[in-house]
Amino acid sequence: MTKILLKTKSGADATGDYDSGKVTIKKGSILTIDPCGNAPSSNIKQNYAIACKYFKAKNIIKRSDGRHEVVKDIVGLSPSAASVIVTGKAGSGWEKWKLVDGKPLNVLRQASSSNVTSQVKSPTPAKISKITVPLANTPDKSDSGISCAESACDFITYLKDRKNSRVDLEQEGQWMSGAFNAAGGSGNPYGSIIKIDDLAKKEIEAVVEKYISALCREQFVGYARFEWLFADVAHSIENIVSVSSPATWFTFGRAQKILNIITKYCYVWRLCKLQLSPRFGDVSWIDRWKQFLHVPVDLFTMKHLATCQYDALVYETRPETRPNFVKWKWRMDEYRYLGIQDAVRKLAASEGLDPMCYEMKFIWTRPADDPDEE
């Protein structure tokens, strides 16, 4: 863990800790952002939303001089998001945050990049935690000998034949309905427990189509870019539902399921069919992004991580609530969600697989009786 600083002429004076790509803004930091004010018309609106969330949670308070102070550590931020929350302005956090010797934080990222090795010695949980960067290239097979393409084809067949909420990916209209059912609880015998009106569904479809289009066009393919694109769209979906159905508690955990199920459909179609998809056309973008893709988070995902000694990610931190799982439907915020994806990415790297292939081989397995997810 490395101590870092961010000071500006406008009055920001923040200290933080940097560890494995994430920044913690420390208690006592002085911010010049207006947490719940109007964000500039730019790509930092989501960071304002994060700042507002922590202000409402009383991690941040307003001082008499008009500036804001952190009174409880804010953890798990990217360097750039952390710099926006301190200053209220866009810019690379890798350059804005400084080490105690005055050098930019970016020198640590450059040093880390130069030392990355493509060899992972052991898949055991004790050594998995040391992996900080996903492998650049992963083979199509793990030690099980079953190819990712075979797993993808098996998943497509399963969707079509399953007992509850069948989805035929060869039918264009079923892609989005399958995602909505998954977000609502596809195994529920009474249907989805989330009510999203038709107008909101149309808006969400448009947002998802824009998201897929962005992945197709994007030239700067990488981990940070994918994380930003994903979070931006997930928050848009949350907002759409909150406006159309204010009585519905539609969390980040629900929004991620819609996006990740659609992504998984694109992934399995690309690997199994190798042709244009009925719903989104060209899905060859999967080839460029597969190392950075997120997996759908549900009960199976969290139980798997618990068996791999990632209990801190999937259980409530309050002792009185243990051993209850954090339910992805109700209590999964963005911070927990990103921690889960980071854990899956490391486990996938230990097997020489991309995250989605790992999920199909080790987390999702064809259920014998198609049980409810949660």
Name the pairs: first residue in region 250-271 and not assigned by TED's automatic domain parsing to the domain that holds Phe155, second residue in a helix (DSSP H, G or I), Cβ to Cβ under 7 Å, at least 6 apart or on different chains?
none
Wholly within region 41-82, which strands (runs of 3 or more DSSP E) include no fewer than the required count, namely at least 3 residues that are more than 23 Å from Phe230 (Cβ to Cβ)?
60-62, 68-70
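The values are calculated or read from the model by the stated rules, or taken from the named source; none is laboratory data. All values reported here derive from a predicted model rather than from experimental measurement. Positions of Cβ are generated from backbone atoms using ideal geometry, with glycine treated the same way; all protein chains shown enter the neighbour counts.
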